[in-house]
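Chemist: Questions regarding the structure given below will be posed in turn.
The values are calculated or read from the model by the stated rules, or taken from the named source; none is laboratory data. Bear in mind that the values here come from a model prediction, so they are computed numbers and not experimental data. Quick reminder, even Gly has a Cβ in these numbers, built from the backbone with ideal geometry, and neighbours come from all protein chains shown.
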Amino acid sequence: MTGSLKMILQLHPNRRCHLLIDIDTQKDFLLPTGSACVRNQAEVLAKIRRIMAWARRENVPVISTAEVYPNNNGCSEINYCLDGTDGQRKVPCTLLQERVSFPADDKNALPADILLAYKQVILHKRCIDPFDELRIERLLSEVQADDFVLIGTGTEDAVRATAMGLLQRGKKVRIIVDALGSHNKREAKLALRKMQAKGAKLIKTKDVAFIH
């Protein structure tokens, strides 16, 4: 049994274990002043705030991803989530007090007891698909939980890639559809249908009260 497997099973030995996957909940995506703000910003941010409150209240561990791209002295082809900018930071309501953050690099090393020592692990990525980053791929592949509850941005790209990667690895996935931000409504709906077809369960924020 790997260290990652042990750490999750030890969190809640006497009840079901849920893991919240918080995908790219950054200022550039979720604030009106952001460089790539999602179309349903206000509604989604309110729902994300409620889900994070649930995670705090129920002691649900959180794995967060955050996009980060090089600034290149203002000459980057990408104009959002640039390294060192305020827009790249996570919105405050998505930050737990007991947290640890890892940079985007080519390493996959992780402490064996990381989710015992911290309530939230923040992993930066230089891409949309978290499974393209070695450290994130290792953690999401090895960690064990009864189900993976997904929120964040954007539905049509990063959320879809995260859900599909988890489903391919045999994980049980629940997606809180009203806590997802998107830029394109049609593409977001198509992405949700694809995720559901692969086995993801679509739920709403109000349903979280019934997850025990």
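A quick yes/no check of all residues on (1) in contact with a His (Cβ under 9 Å, 6 or more places away or on another chain); (2) without any contact (Cβ under 8 Å) to a residue 12 or more places away in the chain; (3) farther than 25 Å from Q41 by Cβ; (4) surrounded by fewer than 23 Cβ atoms within 10 Å (Cβ to Cβ):
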{"residue": "V121", "(1), (2), (3), (4)": "no, no, yes, no"}
{"residue": "D146", "(1), (2), (3), (4)": "yes, no, yes, yes"}
{"residue": "G152", "(1), (2), (3), (4)": "no, no, no, no"}
{"residue": "A161", "(1), (2), (3), (4)": "no, no, no, yes"}
{"residue": "R169", "(1), (2), (3), (4)": "no, no, yes, yes"}
{"residue": "I175", "(1), (2), (3), (4)": "no, no, no, no"}
{"residue": "D178", "(1), (2), (3), (4)": "no, no, no, yes"}
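Chemist: Given the structure, is R49 touching a strand residue (DSSP E or B) at 6+ places or on another chain (Cβ under 7 Å), surrounded by fewer than 19 Cβ atoms within 10 Å (Cβ to Cβ), in contact (Cβ under 8 Å) with a residue 24 or more places away in the chain and closer than 20 Å to V159 by Cα?
Modeler: No: the conditions fail for R49.
Chemist: Moving on. N72 versus (1) modelled with pLDDT of 95 or more; (2) at positive phi; (3) surrounded by fewer than 20 Cβ atoms within 10 Å (Cβ to Cβ): which is the lone unmet condition?
Modeler: (1)
Chemist: Separate question: Among (1) touching a helix residue (DSSP H, G or I) at 6+ places or on another chain (Cβ under 6 Å); (2) at pLDDT 95 or above; (3) not in a helix (DSSP H, G or I), there is one condition T162 misses while meeting the rest; what is its number?
Modeler: Answer for T162: the failing condition is (3).
Chemist: Need the failing condition index for M7 against (1) of a type in the set (A, V, I, L, M); (2) modelled with pLDDT of 95 or more; (3) in a helix (DSSP H, G or I); (4) out of contact with any Ser or Thr (no Cβ under 9 Å at 6 or more places or on another chain), just the number.
Modeler: The number of the failed condition is (2).
Chemist: Please work out if I78 is under 18 Å from K171 (Cβ atoms) and in contact with a strand residue (DSSP E or B) (Cβ under 6 Å, 6 or more places away or on another chain).
Modeler: Judged against the criteria, I78 is not a match.
Chemist: Now for a different question. Any idea which of A112, A104, A188, A117 is aliphatic (A, V, I, L, M), at pLDDT 95 or above and on the phi < 0 side of the Ramachandran plot?
Modeler: A188
Chemist: Select, from H183, H212, the only residue that is in a loop (DSSP other than H, G, I, E, B), modelled with pLDDT under 95 and either over 13 Å from the mean Cα position of the chain (by Cα) or more than 15 Å from F29 (Cβ to Cβ) (or both).
Modeler: Going through H183, H212 in turn, the sole match is H212.
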